[in-house]
Amino acid sequence: MSGFHALVPAAGFGARMGHELPKQYLPIAGKPMIAHALDTLCACAEIATVFVVLSPGDTQFHTYDWSRYGEKLQPLFCGGATRAESVANGLLASELEADDWVLVHDAARPCLTQSLLNKMITELRDDAVGGILAVPVADTLKRADARQRIAATEPREGLWQAQTPQMFRAGLLVEALARCKNVTDEASAVEALGLQPKLVPGDSGNFKVTYPQDVVLAELLLKRELQDSHAASLPLC
Ligand code: CTP
Ligand code: MG
């Protein structure tokens, strides 16, 4: 029977973060950034295995204690030069069945919530293609010319920002990434096969931590979540 698995590409260096530690290991709300996504994915009862794709030269992963995740967490030291290559290498190393669902989620999105994850699985589990979390574009969009002056205002109607997880059958994703290597997300590779992944409305809080100011925002959100869950567990008196 096919199951649900997660695959977390975490083999990048975080060049735009500009820190000597790869950004997935920067501390946020008391733990390395990557642990937030792994906590959420490992706590999801539907997900059988969480593969994390690390750089072959990774020196950080083993400096933390991951024993609380048990066998559910499977590190794979086969990251590539690009995110797409890391995902493709990880999929091959995972030895998943073609029919298995795989949810690819960035290590750099620590604010994914359990409810968003469950909503996505519920909406896509019977889908023929799969899909992604995404949010409708909220800002007005400007096209720049070579002098960085506004050349045009682009209509934002129908435009969505792609997030992760991106959920597809493992067999389809292996085929798509083998054919289309120059992509920044899995959906683009699946689209190149002529298929139309579904857009599942996500939450702007599930943003990707890219620049130093994003760490500050993620820290605020995650600390508030911790306070809320602590308050909810206190007895009423
Ligand atoms: N990633 C990966 N392998 C790569 C590049 C990126 O597994 N060769 C992972 C990152 O670790 C991250 C996710 O893909 O979890 C999203 O990529 P991004 O936010 O671009 O991270 P980096 O590539 O590390 O950052 P930058 O582009 O600023 O260097
Ligand atoms: Mg990158």
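The values are calculated or read from the model by the stated rules, or taken from the named source; none is laboratory data. Keep in mind that what you see is a predicted model, and the values were worked out from it rather than measured. In this analysis, Cβ positions are derived from the backbone assuming ideal geometry, glycine residues included, and neighbour counts consider all displayed protein chains. Surface accessibility is based on the protein's heavy atoms, side chains included, excluding ligands, DNA and RNA. Shrake-Rupley method; radii C 1.70, N 1.55, O 1.52, S 1.80 Å.
Structure summary
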quantity: Filter result (open to solvent by less than 50 Å² (accessible area, probe 1.4 Å) and either basic (Lys, Arg) or out of contact with any strand residue (DSSP E or B) (no Cβ under 9 Å at 6 or more places or on another chain) (or both)) within the range 210-220; calculated: Thr210, Asp214
quantity: Residues (in a helix (DSSP H, G or I) and open to solvent by less than 50 Å² (accessible area, probe 1.4 Å)) located in the range 60-86; calculated: Phe61, Tyr69, Gly70, Lys72, Ala84, Ser86
quantity: Every pair of residues 6+ apart whose Cβ atoms lie under 8 Å, when the first sits in the range 38-51 and is among the aliphatic types (A, V, I, L, M) while the second is in a helix (DSSP H, G or I) and crowded, with 21+ Cβ neighbours inside 10 Å; calculated: Leu41/Leu117; Ile47/Leu41; Val50/Leu38; Val50/Leu41
quantity: Among residues of the range 81-95, those that are more than 10 Å from ligand 1 (Cβ to nearest atom) and touching a Cys at 6+ places or on another chain (Cβ under 9 Å), counted; calculated: 2
quantity: Residues of the range 22-34 satisfying the condition of being touching a strand residue (DSSP E or B) at 6+ places or on another chain (Cβ under 9 Å), more than 14 Å from ligand 2 (Cβ to nearest atom) and either open to solvent by 40 Å² or more (accessible area, probe 1.4 Å) or closer than 18 Å to Pro75 by Cβ (or both); calculated: Tyr25, Met33, Ile34
quantity: Looking only at the range 1-21, and only at residues there that are within 14 Å of the chain's Cα centre (by Cα) and in a strand (DSSP E or B), the one that is surrounded by the fewest Cβ atoms within 10 Å (Cβ to Cβ); calculated: His5
